[in-house]
Amino acid sequence: MKIEIRLFATLASYAGHGEMDSDGCLSFDGPATIRDAVLRLGVPEQDIKLVFLNGVGVSLDSSLKDKDRVGIFPPIGGG
Amino acid sequence: MPKDHSLESRARIEKDVRGKGRQVICDQDLLELSQILNIPLHQMYLQSMEKGILPLRYLRNMPSITLKQQITLQTSQVAVVGAGGLGGHVIEGLCRLGIGGLHIFDPDAFDETNLNRQVFADQNTLGNPKVQVMQEYCRLINPAVQITAHQIAVKDQNQDDLFADVQVIVDALDTPGDRLTLAAIAGKCRLPLVHGTVAGFGGRVMVIHPLDGRMETLYGGQENACSAEYLLGTPVLSPALVASFQVMAVLNILFGKNKSGDSRMIYVDMEKPSLDLFEL
């Protein structure tokens with residue numbers, strides 16, 4: 001399955017890791033969760049604040065299916 | 001013969017952007033009538049609009065903002081907590097739009113690190129209290145807006161009496177703990193809270209409804225986390241943009257345009273560029 005991953009703010013620097021393709025997608029041969037995707041990209045879990053699956057807030061344990069879109073945010077607090 | 005001191009006597013016809021004739025009145029006439037008739041200036045503006053005579057300063061708001069909506073703004077009160085990068089732009093925007101009462105809160109004075117982004121920070125205002133500077137500027141921008149400056153931090157949930165008269169609170173703070181406290185106050189007062197935050201060339205906006213718990217989702221347990229703005233900085237672009245989205249959210253609330261209760265998180269990345277909506 002192919003998953004689109006969007007990494008926001010400071011996490012954008014991890015986009016080149018984990019064999020992400022030029023469309024910002026990761027491919028998995030078997031079942032996977034968002035945590036598996038995060039591990040492949042090397043994003044430290046403590047740097048993650050919000051996780052979205054197809055635009056809805058979820059946890060890292062959420063299971064993925066083909067063509068899912070994942071959004072990951074660090075803490076943001078500037079004003 | 002006694003001189004006519006009616007609003008109608010000072011009104012004239014001006015064409016709006018669609019070429020439609022509209023009765024308008026100048027600031028100077030409203031100021032004079034306010035003094036002659038001994039009526040507070042903000043009341044004079046309201047009376048004028050209720051008679052269908054639009055203060056000329058609002059002509060270019062039409063028809064995106066109607067006369068009826070302009071009256072709604074003049075009779076509304078909004079609190080802006082934090083008068084920094086976001087807060088300065090929000091306060092200036094709400095002032096130009098003609099909010100009747102603005103309550104602004106910030107304990108700090110301007111320093112040199114504010115000059116990169118904060119709208120009222122300049123060589124002359126360095127060292128001066130932000131809310132005092134903004135109050136003075138805003139009186140020059142729009143004397144119909146009554147500004148109450150509070151040179152204090154909002155750090156205690158028992159400060160809810162400070163928000164007794166407002167319809168909306170704007171979160172323009174920059175620390176997680178203070179934002180959580182403000183959300184608790186907004187919940188106590190049953191007021192919508194327009195949250196905004198920035199980092200780098202991006203930022204987010206979200207309307208937090210009373211006691212919906214979403215500020216905790218955004219900031220709970222974050223005491224030791226390194227927040228993105230410390231790694232990316234906050235150049236002027238993102239506060240200016242995110243503040244505009246916050247002001248739009250305030251207008252939508254005051255105009256009753258968000259009846260479905262849409263409170264999705266907007267995230268804008270100007271560098272990419274992208275705009276996304278998320279449900280939290």
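Criterion first (away from chain A (no Cβ under 14 Å), under 10 Å from the mean Cα position of the chain (by Cα) and either surrounded by fewer than 19 Cβ atoms within 10 Å (Cβ to Cβ) or modelled with pLDDT of 95 or more (or both)) does B:Q132 satisfy it? Break it down into steps so the answer makes sense when it comes.
Working: away from chain A (no Cβ under 14 Å): yes; under 10 Å from the mean Cα position of the chain (by Cα): no; either surrounded by fewer than 19 Cβ atoms within 10 Å (Cβ to Cβ) or modelled with pLDDT of 95 or more (or both): yes.
When the stated conditions are applied, B:Q132 does not pass them.
Hey, can you tell me all the residues within region B:152-170 that are more than 13 Å from B:A186 (Cβ to Cβ) and in contact (Cβ under 8 Å) with a residue 12 or more places away in the chain? Walk me through it before giving the result.
Filtering region B:152-170 down to residues more than 13 Å from B:A186 (Cβ to Cβ) leaves B:152-153, B:155-156, B:158, B:161, B:165.
Once the filter is applied, which keeps residues that are more than 13 Å from B:A186 (Cβ to Cβ) and in contact (Cβ under 8 Å) with a residue 12 or more places away in the chain, region B:152-170 yields B:I152, B:A153, B:K155, B:D156, B:D165.
Could you list all residues from region B:221-241 that are facing chain A (nearest Cβ under 10 Å) and either surrounded by 15 or more Cβ atoms within 10 Å (Cβ to Cβ) or of a type in the set (G, A, S) (or both)? Spell out the reasoning first.
Residues of region B:221-241 facing chain A (nearest Cβ under 10 Å): B:221-222, B:224-234, B:238-239.
Listed by number, the residues that qualify are B:G221, B:Q222, B:A225, B:S227, B:A228, B:E229, B:L232, B:G233, B:T234, B:S238, B:P239.
Give the residues of region B:51-61 that are on the phi < 0 side of the Ramachandran plot and surrounded by fewer than 14 Cβ atoms within 10 Å (Cβ to Cβ), sorted by residue number. If you could, list the steps in order and put the result at the bottom.
Here is the first cut: in region B:51-61, the ones on the phi < 0 side of the Ramachandran plot are B:51, B:53-61.
Selection gives B:R60 alone.
Picking from B:S34, B:S48, B:S64, B:S76, which residue would you name as being among the hydroxyl-bearing types (S, T, Y) and loosely packed, with under 14 Cβ neighbours inside 10 Å?
B:S64
So in region A:47-73, with the set limited to residues that are hydroxyl-bearing (S, T, Y) and loosely packed, with under 14 Cβ neighbours inside 10 Å, which one is nearest to the other protein chains (Cβ to nearest Cβ)? Walk me through how you get there before you give the answer.
First pass over region A:47-73, keeping only residues hydroxyl-bearing (S, T, Y): A:59, A:62-63.
Restricting the remaining residues to those that are loosely packed, with under 14 Cβ neighbours inside 10 Å gives A:59, A:63.
On the way: A:S59: 11, A:S63: 18 Å.
Taking the candidates together, the pick is A:S59.
Within the group B:L59, B:L94, B:L30, which residue is closer than 17 Å to B:N142 by Cβ, touching a Ser or Thr at 6+ places or on another chain (Cβ under 7 Å) and assigned to a helix (DSSP H, G or I)?
The conditions single out B:L30.
Restricting region B:170-188 to residues that are away from chain A (no Cβ under 14 Å) and touching a strand residue (DSSP E or B) at 6+ places or on another chain (Cβ under 8 Å), which is surrounded by the most Cβ atoms within 10 Å (Cβ to Cβ)?
Filtering first and then ranking leaves B:A186.
Going through B:S238, B:S244, B:S263 one at a time, which residue ends up being assigned by TED's automatic domain parsing to the domain that holds B:I169 and more than 18 Å from B:L193 (Cβ to Cβ)?
Working: B:S244 fails: more than 18 Å from B:L193 (Cβ to Cβ); B:S263 fails: more than 18 Å from B:L193 (Cβ to Cβ).
The conditions single out B:S238.
Can you list residue pairs whose Cβ atoms sit under 9 Å apart, with the first residue in region B:4-17 being without any contact (Cβ under 8 Å) to a residue 12 or more places away in the chain and the second being part of a strand (DSSP E or B)? Count only pairs 6 or more apart in sequence or on different chains.
So the pair list comes out as B:I13/B:G21; B:I13/B:R22; B:I13/B:Q23; B:I13/B:V24; B:K15/B:G21; B:K15/B:R22.
Can you work out which of the residues in region A:21-46 that are acidic (D, E) and outside any loop (DSSP other than H, G, I, E, B) is nearest to the other protein chains (Cβ to nearest Cβ)? Talk me through it step by step, then tell me what you get.
Applying the first criterion (acidic (D, E)) to region A:21-46 yields A:21, A:23, A:29, A:36, A:45.
After this cut, where a residue has to be outside any loop (DSSP other than H, G, I, E, B) as well, the list is A:36, A:45.
Values: A:D36: 21, A:E45: 11 Å.
By that ranking, first place goes to A:E45.
Would you check which residues across region B:244-275 are more than 22 Å from B:G177 (Cβ to Cβ), facing another protein chain (nearest Cβ under 10 Å) and of a type outside the set (F, W, Y) and list them? Write out each step before concluding.
Taking region B:244-275 first, the residues more than 22 Å from B:G177 (Cβ to Cβ) are B:244-245, B:247-264, B:266-275.
Then keep just the ones that are facing another protein chain (nearest Cβ under 10 Å); that gives B:264, B:267, B:269, B:271-272, B:274.
Scanning region B:244-275 gives B:R264, B:D269, B:E271, B:K272, B:S274.
So for region B:191-207 (the condition being within 25 Å of A:V51 (Cβ to Cβ), over 22 Å from the mean Cα position of the chain (by Cα) and in the same structural domain as B:D160 (by TED's automatic domain parsing)), does at least one residue qualify?
Of the residues in region B:191-207, the ones within 25 Å of A:V51 (Cβ to Cβ) are B:193-207.
Subset that is over 22 Å from the mean Cα position of the chain (by Cα): B:200.
Next, only the ones that are in the same structural domain as B:D160 (by TED's automatic domain parsing) stay: B:200.
Within region B:191-207 (the criterion being within 25 Å of A:V51 (Cβ to Cβ), over 22 Å from the mean Cα position of the chain (by Cα) and in the same structural domain as B:D160 (by TED's automatic domain parsing)), the answer is yes, since at least one residue qualifies.
Across region B:148-165, what is the total count of residues that are surrounded by 21 or more Cβ atoms within 10 Å (Cβ to Cβ) and more than 14 Å from chain A (Cβ to nearest Cβ)? It would help to see each step written out before you state the result.
The first filter runs over region B:148-165 and keeps only residues surrounded by 21 or more Cβ atoms within 10 Å (Cβ to Cβ), leaving B:154, B:163.
Filter once more, keeping what is more than 14 Å from chain A (Cβ to nearest Cβ): B:163.
Selection size over region B:148-165: 1.
The values are calculated or read from the model by the stated rules, or taken from the named source; none is laboratory data. What you see is a predicted model, and the numbers here were worked out from it, not measured in a lab. No Cβ is skipped: glycine too gets one built from the backbone with ideal geometry, and neighbour counts run over all protein chains shown.
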